[in-house]
Amino acid sequence: MSIEGLKIEAFSLGPLGTNAYLLSRPNEGKAIIIDPGMNPKPLLKRIGDLQIEAILLTHAHFDHIGGVDEIRKLKGSPVYLHDAEADWLTNPKLNGSTKYPELGGPIQTDPAEFALDQGQVLKLIGLEIKVLHTPGHSPGSVSFLIGSESEGWYLFGGDVLFRLSVGRTDLPGGRSEELFDSIHDKLFKLPDETVVYPGHGVKTTIGYERDNNPHV
């Protein structure tokens, strides 16, 4: 399965500027969405008539799931989430949306249709998407890897690794030791040229972060 013809678009959504990603094959009218955040109007406008084959969640903190319910009902798209956070979609306390009432009301939706796990390979819109379980920011955090040696590698890492920073670990279920293990044992073993699309901020590469990130 090739990434040829794949279009990757980023949308900064909600009060925390959470990155939602639309991966589409415009010629085929198919797409997947990674982390549809709060206030998803720009994303909803863009997807139009696209068939959304899946909603993939790197984790279930409120700012990453705020648009799930609306897109899921509009498009009938199944949701994929790691089992360690299976209850977070239905429980606003667990996903953190009750902790910050100034950012909006409680967020909840139905449970995910599919569970994610380490090493799993999803086949969606002509892509093979490898799942890496990368806990630390949250217990069910995962990263999605696509590409090949010939076409390049692309990682959608949620809130694990940022440009010159890392994810916070002071939220429920966060653990610093796990986060650094995830980065060193899984992400930093990827090729240097792997492009990292993070949950917040601008994209970076594995090589740049390995050489320059002051936290790791």
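The values are calculated or read from the model by the stated rules, or taken from the named source; none is laboratory data. The structure presented is a predicted model; accordingly, all values stated were derived computationally and were not measured. Backbone-built Cβ (ideal geometry, glycine too); neighbour counts: all protein chains shown. Ligands, DNA and RNA are excluded from the accessible area calculation, which covers all protein heavy atoms including side chains. Shrake-Rupley method; radii C 1.70, N 1.55, O 1.52, S 1.80 Å.
For the range 62-119, give me every one of the helices (runs of 4 or more DSSP H) that falls completely inside it and has 1 or more residues that are more than 19 Å from Ala20 (Cα to Cα) and of a type outside the set (Phe, Trp, Tyr).
Where helices (runs of 4 or more DSSP H) fall fully within the range 62-119 and carry at least 1 residues being more than 19 Å from Ala20 (Cα to Cα) and of a type outside the set (Phe, Trp, Tyr), they are 92-95.
Would you mind stating whether Ser148 is surrounded by fewer than 17 Cβ atoms within 10 Å (Cβ to Cβ), without any contact (Cβ under 8 Å) to a residue 60 or more places away in the chain and more than 17 Å from the chain's Cα centre (by Cα)? If you could, list the steps in order and put the result at the bottom.
On the way: surrounded by fewer than 17 Cβ atoms within 10 Å (Cβ to Cβ): yes; without any contact (Cβ under 8 Å) to a residue 60 or more places away in the chain: no; more than 17 Å from the chain's Cα centre (by Cα): yes.
The answer is no for Ser148.
Right, Pro78: loosely packed, with under 13 Cβ neighbours inside 10 Å and either at pLDDT 95 or above or under 16 Å from the mean Cα position of the chain (by Cα) (or both) or not?
No; evaluated as a whole, the condition is false for this residue.
Would you point out which residue out of Pro135, Pro92, Pro106, Pro139 is free of Cβ contacts under 8 Å to residues at least 24 places away in the same chain and either buried (at least 20 other Cβ atoms within 10 Å of the Cβ) or of a type outside the set (A, V, I, L, M, F, W, C) (or both)?
Pro106
Could you figure out which of (1) touching a residue at least 24 places away in the same chain (Cβ under 8 Å); (2) open to solvent by 40 Å² or more (accessible area, probe 1.4 Å); (3) more than 21 Å from His64 (Cα to Cα); (4) of a type outside the set (A, V, I, L, M) isn't true of Asp211?
Every condition holds for Asp211 apart from (1).
Would you check if there is a residue in the range 37-58 being closer than 25 Å to Pro135 by Cα, open to solvent by 10 Å² or more (accessible area, probe 1.4 Å) and either under 13 Å from the mean Cα position of the chain (by Cα) or not hydroxyl-bearing (Ser, Thr, Tyr) (or both)?
Yes, some residue in the range 37-58 is closer than 25 Å to Pro135 by Cα, open to solvent by 10 Å² or more (accessible area, probe 1.4 Å) and either under 13 Å from the mean Cα position of the chain (by Cα) or not hydroxyl-bearing (Ser, Thr, Tyr) (or both).
For (1) open to solvent by 10 Å² or more (accessible area, probe 1.4 Å); (2) of a type outside the set (A, V, I, L, M), each residue gets a yes or a no:
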{"residue": "Phe62", "(1), (2)": "yes, yes"}
{"residue": "Gly67", "(1), (2)": "no, yes"}
{"residue": "Ile71", "(1), (2)": "no, no"}
{"residue": "Leu74", "(1), (2)": "yes, no"}
{"residue": "Ser97", "(1), (2)": "no, yes"}
{"residue": "Pro101", "(1), (2)": "yes, yes"}
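Find the residue count for the range 6-51, including only residues that are closer than 30 Å to Pro101 by Cα and part of a strand (DSSP E or B).
Summing the residues that are closer than 30 Å to Pro101 by Cα and part of a strand (DSSP E or B) in the range 6-51 gives 13.
Looking at the range 1-29, which of its residues are more than 18 Å from the chain's Cα centre (by Cα) and surrounded by fewer than 17 Cβ atoms within 10 Å (Cβ to Cβ)?
Once the filter is applied, which keeps residues that are more than 18 Å from the chain's Cα centre (by Cα) and surrounded by fewer than 17 Cβ atoms within 10 Å (Cβ to Cβ), the range 1-29 yields Met1, Ser2, Glu4, Gly5, Pro26, Asn27, Glu28, Gly29.
Answer yes or no: is there a residue in the range 45-55 that is at pLDDT 95 or above, of a type outside the set (Val, Ile, Thr) and in contact with a helix residue (DSSP H, G or I) (Cβ under 7 Å, 6 or more places away or on another chain).
No, that holds for no residue.
Among the numbered criteria (1) among the polar types (S, T, N, Q); (2) surrounded by fewer than 22 Cβ atoms within 10 Å (Cβ to Cβ); (3) closer than 19 Å to Gly14 by Cβ, which one does Gln118 miss?
It fails just one condition, (3).
Restricting to the range 166-208, give me the number of residues that are open to solvent by 40 Å² or more (accessible area, probe 1.4 Å) and in a strand (DSSP E or B).
Number satisfying all stated conditions: 2.
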